[in-house]
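Novice: Below are the structure tokens for one structure; questions will follow.
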Amino acid sequence: VMAFETFAVHAACIRGVEAIPVTVEVSLAGGIPGIQMLGIPSMEVMESRGRIRCAMRSAGFEIPRSGITVNLAPGDIRKTGSGFDLPIAIAVLAADGQIPRDNLDRCLIAGELGLDGTVLPVKGEVAFQLLARDMGLSFIAGRSDQHVPLAGVDCGFIDHLSQLARGMGEAARHYLDSEVLEAAFEPELDYADVLGQEVAKRGIALAAAGELGLLMIGSPGSGKTMLARRMTGILPELSVEDQQEALCIHSVLGENIDGLLAGHRPFRSPHHSISTAGLIGGGRPVHPGEISLAHGGVLFLDELAEFPTGVLQTLRQPLENGGITLTRADGTYSFPARFQLLAATNPCPCGYFGDPAGRCKCSPAAVQMYQNRIGGPLLDRIDIRIDVWRSDSRELLGREAGKGSSELREGVERARAFR
């Protein structure tokens, strides 16, 4: 009889933008050697069997010559992701007596295994850390280049599976201050670099002050996108709560978080071919969409009239509620989505309706049809509409620098404090 024929460790599974606790139970019994997976594992979890075998062999461990039953509890929730590789391997080795069991019950473990035994990081580290803090556990995973130090979380990493032969206390290392990610993010764009367009700047500042939706209408080359990309620079600093929520969403989707760590608000500009699931969230497994990635920042919809009408109308509820709730067969998912809506569109199919040069050849019916594509219900939720005209080159050369982002930001902060 083996010394330890059953064992369990703490793991987690990403569901939406949250990590939910999962207990990895392993039982070694007689029978045909192999690994049986229970607990509604997805395909990537099932594939962990091959990775675990190769990693254990490469790390110098023996593969138990018995039937291995792995149960992922609770059994009524579908388990997804590659983060179960490490906790399953640790539970098997501990059940077989090949590694010490000390401190394993105090750890929340997540990590993907390479075939050579290397422990790799997984998406959703911030969500895992938040769960570990709530459960009073240490979080152990692969070393991540995008590590986010959170207050109140004891966090460590393992580089290679072979290190566990000495026990978790010896294998897990803490991040040094020099190893913690330093956000080397480029400075935000400044409105001082935009000559002219003072009326448009004023409109954007008013929208930022009142957290209002804004639509810019103008011909191609008038500077709509240039103005939009600088809007995050005039918004107040993110609150700690909003920054943590934004970090969690970006971490779950594997998005770069350098800008958030540097204190910059998110700026998302999806292409007009985006699907409904891509914009508001969905898919299988259910994941947050662009409106949640823009949480705390700016969602810029360029070429607004080119977006499918049905996709645009899904923005109505998030704009009112500051979040999105999706109901699926396996339950309800809620994602935060408090964002500043900024949109731009051409006035007609050719883009030059109303241009002083008189270049537009579109018929009145074509212009009306193009503008109707946006849809009245969404336009009712866009509070400010401004025309953006191309500036004359001679006017630009002789114009002095206008208001910069710092000056506009001061006005926005004063207005929000007054509210």
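The values are calculated or read from the model by the stated rules, or taken from the named source; none is laboratory data. Note that the structure is predicted; figures quoted are calculated from it, not measured. Using ideal geometry, Cβ is built from the backbone for each residue, glycine included, and neighbour counts are taken over all protein chains shown. Areas reflect the complete protein model, heavy atoms only, side chains present, ligands, DNA and RNA absent. Shrake-Rupley method; radii C 1.70, N 1.55, O 1.52, S 1.80 Å.
Novice: Every residue in region 75-97 that is part of a helix (DSSP H, G or I) and within 14 Å of residue 62 (Cα to Cα), please.
Specialist: 89, 90, 91, 92, 93, 94, 95
Novice: In region 309-368, which residues are buried (at least 21 other Cβ atoms within 10 Å of the Cβ) and among the aliphatic types (A, V, I, L, M)?
Specialist: Scanning region 309-368 gives 312, 315, 324, 337, 341, 342, 343, 344.
Novice: State which residue is farthest from the chain's Cα centre (by Cα) when the search covers only region 191-209 and only residues that are open to solvent by 10 Å² or more (accessible area, probe 1.4 Å) and charged (D, E, K, R).
Specialist: Among them, the one singled out is 198.
Novice: Filter region 24-53 down to the residues that are open to solvent by 50 Å² or more (accessible area, probe 1.4 Å) and either modelled with pLDDT of 90 or more or acidic (Asp, Glu) (or both) and list them by number.
Specialist: Across region 24-53, the qualifying residues are 25, 36, 38, 40, 43, 44, 46, 47, 49, 53.
Novice: Considering only residues that are of a type outside the set (Lys, Arg) and over 23 Å from residue 129 (Cβ atoms), look in region 95-110 and name the one that is surrounded by the fewest Cβ atoms within 10 Å (Cβ to Cβ).
Specialist: 97
Novice: Exactly one of (1) within 20 Å of residue 19 (Cβ to Cβ); (2) open to solvent by 20 Å² or more (accessible area, probe 1.4 Å); (3) hydroxyl-bearing (Ser, Thr, Tyr) is unmet by residue 275. Its number?
Specialist: The single condition residue 275 does not satisfy is (1).
Novice: Then there's this: Here is a list of conditions, (1) open to solvent by 40 Å² or more (accessible area, probe 1.4 Å); (2) touching a strand residue (DSSP E or B) at 6+ places or on another chain (Cβ under 6 Å), and residue 63 meets all of them except one; can you say which number that is?
Specialist: Result: residue 63 passes all but (2).
Novice: Among the listed residues 80, 69, which satisfies the condition of being touching a residue at least 24 places away in the same chain (Cβ under 8 Å), under 23 Å from the mean Cα position of the chain (by Cα) and open to solvent by less than 50 Å² (accessible area, probe 1.4 Å)?
Specialist: Of the residues listed, the single one that is touching a residue at least 24 places away in the same chain (Cβ under 8 Å), under 23 Å from the mean Cα position of the chain (by Cα) and open to solvent by less than 50 Å² (accessible area, probe 1.4 Å) is 80.
Novice: Follow-up question, since we're still on this one. From the residues in region 281-305 that are touching a strand residue (DSSP E or B) at 6+ places or on another chain (Cβ under 8 Å) and open to solvent by 20 Å² or more (accessible area, probe 1.4 Å), which one is modelled with the lowest pLDDT?
Specialist: Filtering first and then ranking leaves 285.
Novice: Here is a follow-up. Please go through region 387-419 and pick out each residue that is assigned to a helix (DSSP H, G or I), modelled with pLDDT under 65 and open to solvent by 70 Å² or more (accessible area, probe 1.4 Å).
Specialist: Those that are assigned to a helix (DSSP H, G or I), modelled with pLDDT under 65 and open to solvent by 70 Å² or more (accessible area, probe 1.4 Å): 393, 394, 395, 397.
Novice: Ok, one more. Output yes when any residue across region 213-235 is in a loop (DSSP other than H, G, I, E, B), open to solvent by 50 Å² or more (accessible area, probe 1.4 Å) and within 17 Å of residue 336 (Cβ to Cβ), and no when none is.
Specialist: No.
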